[in-house]
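Peer 1: I have a structure I would like to understand better, so I am pasting it below and will then ask my questions one at a time.
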Amino acid sequence: MKPFTFAILAIAAVTAAARPRAFSFTEPAHTTWDSVFTDAQAKNGDSLYKAQCVKCHLANLAGGDDGSPLTGKDFNADFEGATLDQLFDQVYSRMPPDNPKSIPREQVADIVAYLLAQNKFPAGAKPLTENPDQLKDIKIVFSKP
């Protein structure tokens, strides 16, 4: 093989190896309509919400001067199509604003379950997990399929 031909083949091989692989996106297997939390969990979340969240987001979840709405069109616009790990992370890493990450993850799961219940999603037999990998598999969909 001539040196020039070898150089061309070597460049082609390096270029092919450096090319990014095709991105593989898997649609979440579940939605918020798949009964991803329990009534008991949402009830516990109600108590936690009243203790941790009501001062900014108000008792009716409509939001106030210090907190955004957690139901209705503004909430829907913020989270439609997101996955539950994104909502969970928002609550866990940013709330309460004066002491972020102070709510234990298992309690955040209960608060998120309460938010789902207040947004009229159905409860089921299995509690909402706090595992981010499993939460990534649940898409927030507000329109009932």
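Peer 1: Within segment 111-145, take every residue that is under 22 Å from residue 74 (Cβ atoms) and small (Gly, Ala, Ser) and give me the one that is surrounded by the fewest Cβ atoms within 10 Å (Cβ to Cβ).
Peer 2: In this case the residue turns out to be 143.
Peer 1: Continuing with this model, one more query. Take residue 98 and decide whether it is more than 13 Å from the chain's Cα centre (by Cα), farther than 17 Å from residue 78 by Cα and modelled with pLDDT under 95.
Peer 2: Yes: the conditions hold for residue 98.
Peer 1: Among helices (runs of 4 or more DSSP H) lying entirely in segment 40-145, which contain 1 or more residues that are touching a residue at least 24 places away in the same chain (Cβ under 8 Å) and closer than 26 Å to residue 27 by Cβ? I'd like the intermediate steps shown before the answer.
Peer 2: Values: elements: 54-57, 72-79, 84-94, 105-118, 132-135.
Filter on segment 40-145 gives 72-79, 84-94, 105-118, 132-135.
Peer 1: Criterion first (more than 13 Å from the chain's Cα centre (by Cα) and either within 16 Å of residue 141 (Cβ to Cβ) or surrounded by fewer than 19 Cβ atoms within 10 Å (Cβ to Cβ) (or both)) does residue 39 satisfy it? It would help to see each step written out before you state the result.
Peer 2: Details: more than 13 Å from the chain's Cα centre (by Cα): yes; either within 16 Å of residue 141 (Cβ to Cβ) or surrounded by fewer than 19 Cβ atoms within 10 Å (Cβ to Cβ) (or both): yes.
Yes; evaluated as a whole, the condition is true for this residue.
Peer 1: Can you tell me which of (1) surrounded by 13 or more Cβ atoms within 10 Å (Cβ to Cβ); (2) of a type outside the set (Gly, Ala, Ser); (3) modelled with pLDDT of 95 or more; (4) more than 17 Å from residue 129 (Cα to Cα) is the one residue 34 doesn't meet?
Peer 2: Single failed check for residue 34: (4).
Peer 1: Yes or no: residue 10 at pLDDT below 95 and either more than 20 Å from the chain's Cα centre (by Cα) or in a helix (DSSP H, G or I) (or both)? So that I can check it myself, show each step before the final result.
Peer 2: Values: at pLDDT below 95: yes; either more than 20 Å from the chain's Cα centre (by Cα) or in a helix (DSSP H, G or I) (or both): yes.
It is true that residue 10 is at pLDDT below 95 and either more than 20 Å from the chain's Cα centre (by Cα) or in a helix (DSSP H, G or I) (or both).
The values are calculated or read from the model by the stated rules, or taken from the named source; none is laboratory data. For clarity, every value in this text was computed on a predicted model and none was experimentally measured. Here the Cβ is made from the backbone with ideal geometry for all residues, glycine too, and neighbour counts use every protein chain on show.
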